[in-house]
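Chemist: This is the structure, below, for whatever I ask next.
The values are calculated or read from the model by the stated rules, or taken from the named source; none is laboratory data. In this text the structure is predicted, and so the values were computed from the model without any measurement. Virtual Cβ from ideal backbone geometry, glycine too; neighbours counted across all protein chains shown. These area figures cover heavy atoms from the full protein model, side chains too; ligands, DNA and RNA do not enter into them. Shrake-Rupley method; radii C 1.70, N 1.55, O 1.52, S 1.80 Å.
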Amino acid sequence: MHFTPPGERFVKRTFSSASNIYVANQIRQSVQNKVKEMANITRALHTSFTKSIGNSKTTSKILSIPFNRFASTDISSTTELAEQEVLNEKQLAAAALEAKRNKSRLKPRHYKILHGQMQVDPQNPEFPYEKTVKFRRKLIAQHGLATGINLGIAWSTKEELQEKTEYEKVAHPFTLQQIVEQKKKLREEEMKKIETRQKDIELKMGKLALWMKELKDRQEKKEAVVRAAQEKKDILIEEVRQHFGYVVSMKDPKFQEMLEQKEKEAKKAGKEMKKKVRVEKATSKALAQAEAVSTGKEIKME
């Protein structure tokens with residue numbers, strides 16, 4: 001695992017925040033000053049060394065190769081440092097510009113997630129969960145080869161495959177053929193239910209006309225009963241008005257009293273009429289039985 005020095009982590013955290021641009025500029029200026037000091041020291045050493053040795057051809061030939069090697073190495077390292085410094089300046093400028101553009105106030109991790117970037121560094125995980133296989137598989141699924149993670153961890157291990165197989169046996173114990181047969185049976189049962197219901201609907205539709213006629217007859221009968229009751233009440237009201245001999249309000253207590261009396265008389269008359277009808281029916285039935293008995297006796301006597 002790559003170890004990041006504390007100073008570098010501090011610089012990264014400092015540069016990633018837009019509020020610490022001033023600190024980043026100060027660090028960059030100090031680095032530039034150090035590079036300049038190293039260049040000046042190198043030039044001074046070269047000049048003093050040349051003066052102390054002299055200008056003889058033999059001495060220059062003897063010492064030219066090592067000194068040239070030292071000088072070229074020092075100059076190349078200085079050039080590399082300068083190029084690295086220029087690159088760092090560009091990166092810092094880009095980071096500062098991006099920080100100024102970012103008005104969301106989101107944390108760097110959340111800002112990267114929002115823009116579809118990789119929110120963590122897989123090579124330098126900060127939290128324990130970033131080291132887990134599950135999290136790394138998720139990173140591979142989202143960013144692919146850009147993560148730098150070995151894609152082999154995306155495949156299930158033998159233990160995981162065994163667990164999945166056991167789970168499938170418990171969760172889905174039936175084979176594909178058995179499931180297909182069950183579905184066919186369920187479909188056939190549903191079709192039978194639909195056919196039975198269709199036949200029942202057709203049978204009821206055939207009886208619809210008869211039911212409509214019966215309903216209409218019941219309604220007419222109810223209406224006739226209501227009309228008859230209303231006509232009786234109208235007759236009673238007219239009788240009460242004729243009794244007083246003048247137009248009387250129906251809300252008058254005398255009118256209500258007389259109306260109740262007339263209704264009682266009408267009910268009594270109705271009961272007497274029903275009783276009379278019952279007596280007549282019983283008499284006629286008795287006479288019919290007596291005639292049948294007498295006729296039977298005559299037949300026997302003959």
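Chemist: At a probe size of 1.4 Å, how large is the accessible area of GLU181, to the nearest 10 Å²?
Modeler: Accessible area, nearest 10 Å²: 110 Å².
Chemist: Also, quick follow-up: When you count, for each residue, the other Cβ atoms within 10 Å and take the mean per peptide, how do 204-216, 91-103 rank with the highest first?
Modeler: Values: 204-216: 9.7, 91-103: 12.3.
Most protected by this proxy first, the peptides run 91-103, 204-216.
Chemist: Can you give me the Rg/Rh ratio for segment 135-196, using Cα atoms for both radii and the Kirkwood formula for Rh?
Modeler: 1.36
Chemist: Ordering HIS243, HIS143, HIS110 from largest to smallest accessible area (1.4 angstrom probe), what's the sequence?
Modeler: Most to least solvent-accessible, the answer reads HIS243, HIS110, HIS143.
Chemist: Also, quick follow-up: What is the gain in length, in nm to one decimal, between SER104 and LYS267 on full extension, counting 0.36 nm per residue of separation less the C-alpha to C-alpha distance?
Modeler: Computed gain between SER104 and LYS267 is 49.5 nm.
Chemist: Ok, one more. Please work out how much accessible surface LYS285 shows to a 1.4 Å probe, ignoring ligands, DNA and RNA, in Å² rounded to 10.
Modeler: LYS285 exposes around 130 Å² with every protein chain in place.
Chemist: Return an integer: the convex hull volume of the alpha-carbon atoms of segment 190-279, in Å³ per residue.
Modeler: 192
Chemist: Leaving out ligands, DNA and RNA but keeping every protein chain, what accessible area does PHE174 have, in Å² rounded to the nearest 10, with a 1.4 Å probe?
Modeler: My reading of the accessible area for PHE174 is about 110 Å².
Chemist: Given a Förster radius of 25 Å and the C-beta distance between GLU260 and VAL226 as r, what FRET efficiency does 1/(1 + (r/R0)^6) yield to the nearest 0.05?
Modeler: Working from the Cβ atoms, E equals 0.75.
Chemist: Same structure again: What FRET efficiency do you get for THR132 and GLN178 if R0 is 35 Å and r is their Cβ-Cβ distance, rounded to the nearest 0.05? Intermediate results must be reported in sequence, preceding the final value.
Modeler: Working: r = 38 Å, r/R0 = 1.09.
Here the calculated transfer efficiency is 0.35.
Chemist: Measure up LYS233/LYS281; LYS233/LYS271; LYS221/LYS264; LYS193/LYS213 against 19 Å on the Cα-Cα distance and list the ones that go over.
Modeler: LYS233/LYS281; LYS221/LYS264; LYS193/LYS213
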